[in-house]
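Visitor: Attaching a single structure in structure tokens format; questions to follow.
The values are calculated or read from the model by the stated rules, or taken from the named source; none is laboratory data. Remember, predicted model here, so these are calculated numbers, not experimental data. Every residue, glycine as well, gets a Cβ built from its backbone with ideal geometry; the counts of neighbours run over all protein chains shown. What goes into the accessible areas is simple: the full protein's heavy atoms, side chains included, and nothing from ligands, DNA or RNA. Shrake-Rupley method; radii C 1.70, N 1.55, O 1.52, S 1.80 Å.
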Amino acid sequence: MELSPLFIMLILVNGLMGFFFYFVMYKKRKLFADRFGMVMAASGSSIFCMNLAMLLHFLFPFEIGVLAILSTVIGGGIGLLYGALVRFQSLLAGFSHGSIGSIMGTMVGAVVENPALCGLPAAYFNDVENNMILFGLFGTGLVFATFGLLFYSLRV
Amino acid sequence: MGYLGFLLYGNLVLILLLYLYLYKIRKLIGFQLGMNISMLAGGFCAIATGVILIYQFPLKFVIITMITVVIGMMIGGLFGALFDYQTLLTGYINGLMMGIMAPMVGAAANTSILFLFFIEAVFLLSLLLVFLSAKNT
């Protein structure tokens, strides 16, 4: 079964969602307090970078070192972008949570793809592709739920 | 290994008692302490739940990860919802991250009993610290 079109589509959906989030927050950035900026940068960038790194690892499963460096750089950049909307305090929070999220996402992707890393039983090797699809959809659902909560926080 | 469900049940009862206590005095707690309380409670409850569940059902990794993430999200969100909307967001995201991590740690520990006792001790210590810091505020 060929899986890469599904993951490319999920990465595109996630990227569009992240771009839309940045656009909305950029228009509303004068309203933020310090604390809301910090919470927004931390929660948005951590789950978004985790899902993005996981999907990238599913898409290119070969060179894990190069891929980890690449996704960490991408995650740190996204965290810096989200944090730079408000103030330097939120910039630090966004950078740290973005890089931690992408390192963790690479770890989740590696474990799902090769279950022997965690000492899981050998029965998992039969349905690795099934687990990859489930984890990708679940991560996308988590990203949508988090961004929904963050959009809802603009009107509370 | 057949009695781990009672341990999970005891953890949930302890969390519920702490929630009721904090609900009674929630007007006295400021938002800094509220943020830290929601992070600590959601994160450690997610770790304990994930490790116990993956010890109990080692063949269902995916569904246990999803259940643990939902439990961590809900407990972090509930403890954060006592105070503010931003503490809700902080507790939610921290419980989510810890819930993704926890079944992996439990699976890598290879069903060692010592690790389970250590996790339970850390969980009880964190609950005690939350209780003391909320009492003395």
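Visitor: From the square roots a ≥ b ≥ c of the eigenvalues of the alpha-carbon gyration tensor of chain A, which class results: rounded (a/c under 1.5), prolate (a/b over b/c), or oblate?
Guide: Because a/c hits 1.5 or more and a/b exceeds b/c, chain A counts as prolate.
Visitor: While we're here: If each DSSP helix of 4+ residues adds -39,500 (n - 2.57) and the sum is divided by the residues in the protein assembly as shown, what number results at 222 nm, nearest 500 deg cm²/dmol?
Guide: It comes out at -28000 deg cm²/dmol, rounded to the nearest 500.
Visitor: Run the dipole for the protein assembly as shown about the Cα centre, Lys and Arg Cβ at +1, Asp and Glu Cβ at -1, nothing else charged, and hand back the magnitude in debye, nearest 20.
Guide: So the magnitude is around 1300 debye.
Visitor: Can you give me the angle between helix B:61-80 and the longest principal axis of chain B, using Cα atoms only, in degrees from 0 to 90, rounded to the nearest 10?
Guide: The helix B:61-80 is inclined about 10 degrees to chain B.
Visitor: Within the stretch B:56-91, which residues have the backbone N less than 18 Å from the label spot 7 Å out from B:LEU16 along Cα→beta-carbon, could you tell me?
Guide: B:71-72, B:74-79
Visitor: Summarise the partner chain shielding of A:43-50 as one whole number: the mean count of Cβ atoms from other chains within 10 Å of each residue's Cβ.
Guide: 3
Visitor: Here's another thing I want to ask about it. Using a 1.4 angstrom probe, figure out how much accessible area the stretch B:31-135 has per residue, in square angstrom, rounded to the nearest whole.
Guide: Accessible area per residue, the stretch B:31-135: 39 Å².
Visitor: I've got another one for you. Quick one: buried accessible area between B and A, total over both chains, 1.4 angstrom probe, nearest 100 Å²?
Guide: Using a 1.4 Å probe, the pair buries roughly 2700 Å².
Visitor: Mind listing which GluC sites (Glu not before Pro) in the stretch A:58-137 are in a DSSP loop and have 14 or fewer other Cβ atoms within 10 Å?
Guide: Within the stretch A:58-137, the qualifying GluC sites (Glu not before Pro) (loop, at most 14 other Cβ atoms within 10 Å) are A:GLU63.
Visitor: Between the helical axis of A:64-83 and the dominant principal axis of chain A, each derived from Cα atoms, what acute angle in degrees is found, rounded to the nearest 10?
Guide: 20 degrees
Visitor: How big is the charge dipole of chain A about its Cα centre, in debye rounded to the nearest 20, if each Lys and Arg gets +1 on its Cβ and each Asp and Glu gets -1 on its Cβ?
Guide: 1060 debye
Visitor: Which parts of the stretch B:18-52 would a label at B:SER112 reach, counting a residue when its backbone N lies under 20 Å from a point 7 Å out along Cα-to-Cβ?
Guide: So the set is B:47-52.
Visitor: Moving to a separate point now. I need the fraction of alpha carbon pairs in the stretch B:31-135 separated by more than 22 Å, rounded to a whole percent.
Guide: 29 percent
Visitor: Once the cut-off is 30 Å, how many percent of the Cα-Cα pairs in the protein assembly as shown end up in the long-distance tail?
Guide: 33 percent
Visitor: Which of B:MET98, B:LEU14, B:PHE115 sits farthest toward the positive end of the charge dipole of the protein assembly as shown, with +1 on the Cβ of Lys and Arg and -1 on the Cβ of Asp and Glu?
Guide: So the residue we want is B:LEU14.
Visitor: Could you tell me how many degrees, from 0 to 90 and to the nearest 10, lie between the Cα long axis of helix B:113-135 and the main elongation axis, the longest principal axis, of the Cα atoms of chain B?
Guide: 10 degrees
Visitor: May I ask for the distance between the Cα centers of the stretch B:1-69 and the stretch A:8-69, given as a whole number of Å?
Guide: The stretch B:1-69 and the stretch A:8-69 have Cα centres separated by 27 Å.
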